[in-house]
Structure formats: C-alpha cells, structure tokens
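So the structure is just underneath, and the comments pick up after that.
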Amino acid sequence: MKIKVQIGYKFIIGFLLVVSAAAFSPKIVHSLNIVDWLKEPVSFLIAILIGLILGSILSRSFTKDFWEFDPNGNAVNETELENLISVYPSPSADGKFTVSGLQFKVKIIDIYNVSGKLVYHSTVNRKQETVNLSEGSGIYFIHLSTEKGSVTKKVLVQK
C-alpha cells in the first residue's frame with residue numbers, strides 16, 4: 001500500500017498566494033481613495049479575506065481521505081478497512097459465522113444486539129475467527145478491532 005501525502009505543492013502555492021495578497025492589498029486599498037486612518041485596517045481585512053478564500057479552495061482535497069498510519073508505514077483508510085474485513089454467512093442459520101481480516105489480524109470481536117447490549121466478547125489475534133453466537137434470531141452488530149483500526153459490520157441470525 002502507498003502512503004499518500006497530499007499537502008506538498010498545494011500548500012506552497014497557497015502560501016505564496018496569501019503572502020502575495022498581503023503584500024499587494026495595501027496598493028489595492030490605496031487605489032480606492034479611502035481615508036488614511038482606515039487604509040491599514042482595510043488592507044489587513046482584505047489580506048485575511050483573500051487568504052481565507054484561497055485556503056478554502058486549495059485545501060478541499062486535503063480532507064478527502066483521512067489516513068491511519070502504523071509504525072511500518074502502511075496506510076489503510078476507513079473505507080478500505082471496511083472492504084477488507086468480511087463476516088459470512090449472513091444470514092446465518094445456526095448462529096455460526098466467520099470473521100475474516102484477510103490481510104491483517106483481528107484483535108477484538110464485540111457483538112451487540114439491536115438494543116446495544118454486549119452479547120459476545122472475544123480477544124483474538126488471528127486473521128480469521130469462527131464465532132458461535134448462542135443468542136436467538138435477530139440483527140447483530142459486530143465491532144471488530146484490528147491492528148489497522150476498527151470497523152462495525154452487521155450480521156443477521158435466523159435460527
């Protein structure tokens with residue numbers, strides 16, 4: 001997996017544009033024929049306004065993906081983690097299903113019923129674990145903690 005660093009050139013361009021706006025805003029204000037005592041505050045406000053507008057435009061892509069980093073330099077975003085962990089079969093006819101982390105180890109499995117009550121807890125350290133849920137039929141939410149983050153999946157049990 002690749003680590004994505006998005007700031008780079010956009011940060012530098014944004015910084016240069018804001019500095020340019022701050023440098024040239026006094027000249028713009030001077031050309032507006034504003035009274036002398038208002039020139040400096042208006043110049044300051046124009047520079048701030050331009051900086052906020054440019055910062056908003058240039059930083060939109062900075063927050064598209066939030067990445068979790070591990071000490072080894074591997075990155076997994078939340079959507080990718082959701083896709084890499086599977087719970088099957090769902091629906092389960094006997095309350096038995098498999099939790100699989102595929103590429104990394106599942107550490108903790110917590111299962112909650114629709115009321116939010118914890119009905120199953122297991123500490124594991126494997127890429128795959130079979131769970132035998134003794135509860136009755138219903139919808140259950142499986143909260144999985146892995147070495148790359150945590151995710152919640154839904155499973156249906158029909159006994």
Residue that is farthest from GLN103 (Cα to Cα), among those in region 137-152 that are surrounded by 17 or more Cβ atoms within 10 Å (Cβ to Cβ) and not small (Gly, Ala, Ser): TYR140
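Report whether or not LYS117 is under 17 Å from SER86 (Cβ atoms), assigned by TED's automatic domain parsing to the domain that holds SER90 and either modelled with pLDDT of 85 or more or not acidic (Asp, Glu) (or both). Working first, answer last.
Numbers: under 17 Å from SER86 (Cβ atoms): no; assigned by TED's automatic domain parsing to the domain that holds SER90: yes; either modelled with pLDDT of 85 or more or not acidic (Asp, Glu) (or both): yes.
In short, no.
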In region 104-136, the residues that are surrounded by 13 or more Cβ atoms within 10 Å (Cβ to Cβ) and either in a loop (DSSP other than H, G, I, E, B) or touching a helix residue (DSSP H, G or I) at 6+ places or on another chain (Cβ under 7 Å) (or both): PHE104, LYS105, LYS127, LEU133, GLU135
Boolean, PHE44 is of a type in the set (Phe, Trp, Tyr) and at pLDDT below 75: no
Single residue of region 124-141 satisfying the filter (within 27 Å of the chain's Cα centre (by Cα) and at pLDDT below 90) that is nearest to GLU80 (Cα to Cα): LYS127
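The values are calculated or read from the model by the stated rules, or taken from the named source; none is laboratory data. None of these values were measured; they are calculated from a predicted model. When we count neighbours, we look across all protein chains shown, and the Cβ atoms used for this are built from the backbone with ideal geometry, even at glycine.
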